[in-house]
Amino acid sequence: MTSKTDEATSPADVLGYEQARDELIEVVRRLETGGTTLEESLALWERGEELAKVCRRWLDGARARLDAALAGPDGDADANEGADAQDD
């Protein structure tokens, strides 16, 4: 059985996007609720920053994959065709 402290110390690199996002939501909720010591709040903040970076990496990767898929098999061929049509 894993405790909350075990989850907080898990390596961020192994977290999937949804898992990191859900943990980040919980960190924010705990910070907004208050009732924690300064040391606990700082630890939560640091964990939140780490989780936000994990989410950003996942989103950046997804954006790169979408851009590559939209570019098509010839790279930017579709974008170049549109520019050529405007020159005529």
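Listing for the model above:
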read-out: Unique match (being modelled with pLDDT under 95 and either under 20 Å from the mean Cα position of the chain (by Cα) or surrounded by 15 or more Cβ atoms within 10 Å (Cβ to Cβ) (or both)) among L15, L66, L24; value: L15
read-out: Checklist (1) modelled with pLDDT under 90; (2) surrounded by 10 or more Cβ atoms within 10 Å (Cβ to Cβ) applied to T5, failing item; value: (2)
read-out: Pairs, first more than 14 Å from R57 (Cβ to Cβ) in the stretch 14-34, second among the acidic types (D, E), C-beta under 6 Å, six or more apart; value: none
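The values are calculated or read from the model by the stated rules, or taken from the named source; none is laboratory data. Every value quoted in this text rests on a predicted model; they were computed, and no experiment measured them. Please note: Cβ atoms are built from the backbone with ideal geometry, for glycine as well, and neighbour counts cover all protein chains shown.
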